[in-house]
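Let me begin by presenting the structure, written as structure tokens, before commenting on it.
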Amino acid sequence: MDSVKPNYFRLIVLAVMCVTGITLAAAYAFICAYVYLEPTLPSVAAMKNNELSVPLRVYTSSGDLIAQIGEQRRNPVKYDQIPLIVRESFIAAEDDRFFEHHGFDWQGVLRALFVNATSGETQGASTITMQAARSAFFTQDRTVRRKLQEIFVTQRLEHEFTKEEILALYLNVIFFGQRSYGVAAAAETYFGKPLDKLTLSEAATLARVPQWPSKYNPIANPQGAAERRNYVLRRLREKGYITPEQEVSAKAEIVSSEAHRALADVEAPYVAEMVRLEIEKRFGKGAQDAGYKVYTTIDGRLQAAANKALRVGLVDYDRRHGWRGATNKVELTGNENVEALEALLDEYGSVGFLQPAIVVSVAEKQAQVYIKGQGTANIEWAGLSWARRRASDLALGPAPKSAAEVLARGDVVFVVHERPDAPAALAQVPEAESALIALDPNNGAVLSLVGGFDFFSGNGRFNRVTMARRQPGSGFKPFLYSAALANNFTPASVILDAPITVDDPNAEEVWRPRNHGGGLNGPTRLREALVQSRNLVSIRLLRELGVKPVIDYAQNFGFSKEQLMRANNLTLALGSFDATPLQVVSGFAVFANGGYRVAPFYIDRIEGPGGQIVYSAEPATVCAECKDPISSVSEAERAKSKDLSATMVPPTPLTAEARRTQAAEQAISPEVNFLINDIMRDVITRGTGRRAMALGRSDLRGKTGTTDQSVDTWFNGFNESIVASVWVGADDNRPLGELEEGALTAVPIWVDYMREALRGVPEKQRTIPDGIVEMKVNANTGGTDNADLAPLFEYFRADMPPSPEGYQGGETVGPQDIDPTSPDQPPAGNDPIF
């Protein structure tokens, strides 16, 4: 028996030696692997300065967020910005011994193996530190090399970072599906709320998504997400983070989610898209994920006012043209709960401020609807009575007498519902479109920009402010009349308002223009012709001035020669060339700022990924100290800048010395600017823009515009502090309707916007330049002779006083001017171009 004992001893020693050898060999291999892979590992400095893929962020001038743009949605947050219940949910779900282990949790590995084998639940063995290392510094490759790198970086993280820093890193880099990285982005994506507003149920739901983002996110699989949420809630209760009562309450919540856009403080998607394109142009396609911050010139308060004014105006226009019927119809059994109603509305999204809804009941003078994401609301008669059935594009049916004539149970419709405590109103997605652009006339900064009713639907991404080339109509007349006032005409010059025909050999037929609404005034002073927007006077005025001189003069306002030459005939008087709303408002900015040319721009500064300023705008500015313009820009660059549709970002800033003295270039004389301003004030007080008098101000100027058959309708208005243009029309150039005109479609939008834009802004009257005199003339002739017979006080350039007999232009009416088929007083009807 004694002889056997040494054999056991030798076996034990041999086993120990084998284990030791294997251990030493493994350790040696591990060390060799570390030495080999160490150059490929991120250094401690690199790890501490790890730059996450951060989306491009766009801000207003005051720092409010407009948009986050990038391939990855990410909103990095600090540890103390992450709510406690969110941190606890992830620890309970992923690594409950996170604050106890040193990166590798062998107990957790054994527990995960046991749970996976016995309960059917899936429990991972990777610690939070390991997942942070994998997500922050490596790809998702499943190779031995990558796994070893992950182990080494995990150890480095544990030695160089605090547990709080590791947890914050993990919660910022982990993938949640739907292009969302980090828990803050996931909260916005799935629940449409900031991180600090998550409920217990929502936090627990998110905590289980990273294990299988594509399959178990609450959008793709609400039931699976609920089951996994309940597991997290149980773990939270077992760890003592929540009470049993809280667990029961959170489990009772229905898991409901839909994809939400990134949260923003200000709605300006057209501006955000412009910024994206500009950043990509300047810094390359990868720039939108490099963490750039762009501060625009947008005023958040005014942008909100612009959005609302444009949408209300288009909805009002659409209502004038009748009810086209429900969007769709669904079958209702009467037993639908909220989930069922939401499912029926799942394919319908909001459009602008219009919300999709289902009609659930109809009474005599009202209807009840279920509004997607909001619940039930009533549509009272005031919100229904407008809905006359559209019989055709030109005719409407009789006014409805009951709600049943308009709606039926199961109709899918759109409603306006701005407050939970207010009734809803029936609406429909407008067939027309609009654009609104407002500038600071003193430097060209864009204050508000809305390129359409809704950026995210239909043809929404088409930015009508910068892309839509439309005829400005009579909105061009102030530029024509300015050219006249800069030459030998005065506001009292008399031009004949009488029929005219133009037989252009290049045209297919004779042109016989008419005044809007018909009617002829005979001899008409220029002031009255512009105030009442007389087409025939304007055509005669252009003929006397000459088309080429007017084209040359109009370039002072930013219009390019090429676009003006497209109307190289008398139709130019009626604004028959194409221009974008941006170009039109830029031209009116000259009138608003005293006669100086400013270039519109919307980017104030750009900050690089490290926070350094890589671009800062230095626009030419109208200022009291620098009325003498100087410029370091070449003539070629100035000529190129005249086409304002190309870009609104000013060129690279000038040198520091040039910036100190840079001033806006004078476009028209102070005297001409004063005269045209004074006439356009009358347009507001007693002319085509008199609806703007609703604002109760005396410092407003402007001009309407309506083209042939009301295809394009405009209002361009301003005072010294702001200039804004509104266009309304159809993308496919369909007429807006026989009775529609700029005064009816565009002016109300402009008024609603300016009511907010000018709130608290004191009125300021223009001073009379030294080169202006006021004289008494005869109202019929515009001359000083017999002034007492028909006295009229008028302003004149001091170097261009009225003659005794006055100026009588176009008074000779020959056969070439008379349309023999037209009566002296043509009937009211559609205007060729107004």
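The values are calculated or read from the model by the stated rules, or taken from the named source; none is laboratory data. Computed from a predicted model, the values in this text were never measured in an experiment. All Cβ positions, glycine included, derive from the backbone under ideal geometry; neighbour counts span all protein chains shown. Heads up: the accessible areas ignore ligands, DNA and RNA and are worked out on the full protein's heavy atoms, side chains in. Shrake-Rupley method; radii C 1.70, N 1.55, O 1.52, S 1.80 Å.
Summary table
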{"read-out": "Selection within the range 321-378 - open to solvent by 60 Å² or more (accessible area, probe 1.4 Å), in contact with a Phe, Trp or Tyr (Cβ under 7 Å, 6 or more places away or on another chain) and more than 30 Å from Asp393 (Cβ to Cβ)", "value": "Thr376"}
{"read-out": "Close pairs (9 angstrom Cβ cut-off, 6 or more residues apart or separate chains): without any contact (Cβ under 8 Å) to a residue 40 or more places away in the chain in the range 660-679, open to solvent by less than 50 Å² (accessible area, probe 1.4 Å) and not in a strand (DSSP E or B) anywhere", "value": "Thr661/Cys626"}
{"read-out": "Elements of type helices (runs of 4 or more DSSP H) contained in the range 158-212, each with 1 or more residues being within 12 Å of Tyr79 (Cα to Cα)", "value": "163-173, 183-191"}
{"read-out": "Close pairs from the range 154-166: first open to solvent by 80 Å² or more (accessible area, probe 1.4 Å), partner at pLDDT 80 or above, Cβ under 8 Å, at least 6 apart", "value": "Glu165/Tyr79"}
{"read-out": "Listing of helices (runs of 4 or more DSSP H) fully contained in the range 603-715 that carry 1 or more residues being at pLDDT below 95", "value": "635-641, 656-661"}
{"read-out": "Those residues of the range 738-758 which are over 19 Å from Arg311 (Cα atoms) and over 22 Å from the mean Cα position of the chain (by Cα), in sequence order", "value": "Glu738, Leu739"}
{"read-out": "Scan of the range 172-216 for residues that are closer than 16 Å to Glu258 by Cβ and charged (D, E, K, R), ordered by number", "value": "Arg179, Glu188, Lys193, Glu202"}
{"read-out": "Those residues of the range 180-207 which are out of contact with any strand residue (DSSP E or B) (no Cβ under 7 Å at 6 or more places or on another chain) and open to solvent by less than 10 Å² (accessible area, probe 1.4 Å), in sequence order", "value": "Val183, Ala184, Ala187, Tyr190, Ser201, Ala203, Ala204, Thr205, Leu206, Ala207"}
{"read-out": "Residue check, Val312 closer than 24 Å to Val747 by Cβ, touching a residue at least 24 places away in the same chain (Cβ under 8 Å), aliphatic (A, V, I, L, M) and open to solvent by 10 Å² or more (accessible area, probe 1.4 Å)", "value": "yes"}
{"read-out": "Condition check for Phe414: in a loop (DSSP other than H, G, I, E, B), open to solvent by 10 Å² or more (accessible area, probe 1.4 Å) and either modelled with pLDDT under 95 or closer than 30 Å to Arg470 by Cα (or both)", "value": "no"}
{"read-out": "Test result for Gln149, at pLDDT below 80 and assigned to a helix (DSSP H, G or I)", "value": "yes"}
{"read-out": "Test: Gly177 is without any contact (Cβ under 8 Å) to a residue 60 or more places away in the chain and open to solvent by less than 30 Å² (accessible area, probe 1.4 Å)", "value": "yes"}
{"read-out": "Verdict on Ser256 being closer than 24 Å to Phe176 by Cα and either under 21 Å from the mean Cα position of the chain (by Cα) or small (Gly, Ala, Ser) (or both)", "value": "yes"}
{"read-out": "Considering residues of the range 481-497 that are open to solvent by 10 Å² or more (accessible area, probe 1.4 Å) and assigned to a loop (DSSP other than H, G, I, E, B) only, the residue nearest to Asn778 (Cα to Cα)", "value": "Thr490"}
{"read-out": "Counted residues, the range 460-480 - those being open to solvent by 10 Å² or more (accessible area, probe 1.4 Å) and either more than 15 Å from Val728 (Cα to Cα) or without any contact (Cβ under 8 Å) to a residue 40 or more places away in the chain (or both)", "value": "1"}
{"read-out": "Looking only at the range 502-547, and only at residues there that are open to solvent by 30 Å² or more (accessible area, probe 1.4 Å) and small (Gly, Ala, Ser), the one that is farthest from the chain's Cα centre (by Cα)", "value": "Ala507"}
{"read-out": "Filter result for Arg419 (among the basic types (Lys, Arg) and either within 21 Å of Gly192 (Cα to Cα) or touching a Pro at 6+ places or on another chain (Cβ under 7 Å) (or both))", "value": "yes"}
{"read-out": "Counted residues, the range 423-478 - those being closer than 25 Å to Leu572 by Cβ, part of a loop (DSSP other than H, G, I, E, B) and within 13 Å of the chain's Cα centre (by Cα)", "value": "3"}
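Residue-by-condition table, conditions (1) open to solvent by 20 Å² or more (accessible area, probe 1.4 Å); (2) small (Gly, Ala, Ser):
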| residue | (1), (2) |
| --- | --- |
| Asp265 | yes, no |
| Glu273 | yes, no |
| Ile279 | no, no |
| Gly286 | yes, yes |
| Thr296 | no, no |
| Gln303 | no, no |
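Residues checked against (1) under 30 Å from Ser62 (Cβ atoms); (2) open to solvent by 30 Å² or more (accessible area, probe 1.4 Å); (3) of a type in the set (Asp, Glu):
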| site | (1), (2), (3) |
| --- | --- |
| Thr571 | no, yes, no |
| Gly575 | no, no, no |
| Arg605 | yes, yes, no |
| Val614 | yes, yes, no |
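Let's see how each residue does on (1) closer than 23 Å to Glu756 by Cβ; (2) in contact with a Lys or Arg (Cβ under 9 Å, 6 or more places away or on another chain):
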{"position": "Pro398", "(1), (2)": "no, yes"}
{"position": "Ala404", "(1), (2)": "no, no"}
{"position": "Gly410", "(1), (2)": "no, yes"}
{"position": "Val413", "(1), (2)": "no, no"}
{"position": "Ala424", "(1), (2)": "no, no"}
{"position": "Glu431", "(1), (2)": "no, yes"}
{"position": "Ala438", "(1), (2)": "yes, no"}
{"position": "Ser448", "(1), (2)": "yes, no"}
{"position": "Gly451", "(1), (2)": "yes, yes"}
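Residue by residue, here is whether (1) out of contact with any Cys (no Cβ under 6 Å at 6 or more places or on another chain); (2) under 29 Å from Ile603 (Cβ atoms); (3) in contact (Cβ under 8 Å) with a residue 60 or more places away in the chain; (4) crowded, with 24+ Cβ neighbours inside 10 Å holds:
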site	(1), (2), (3), (4)
Gly397	yes, no, yes, no
Ser402	yes, no, no, no
Glu418	yes, no, yes, no
Leu449	yes, yes, yes, yes
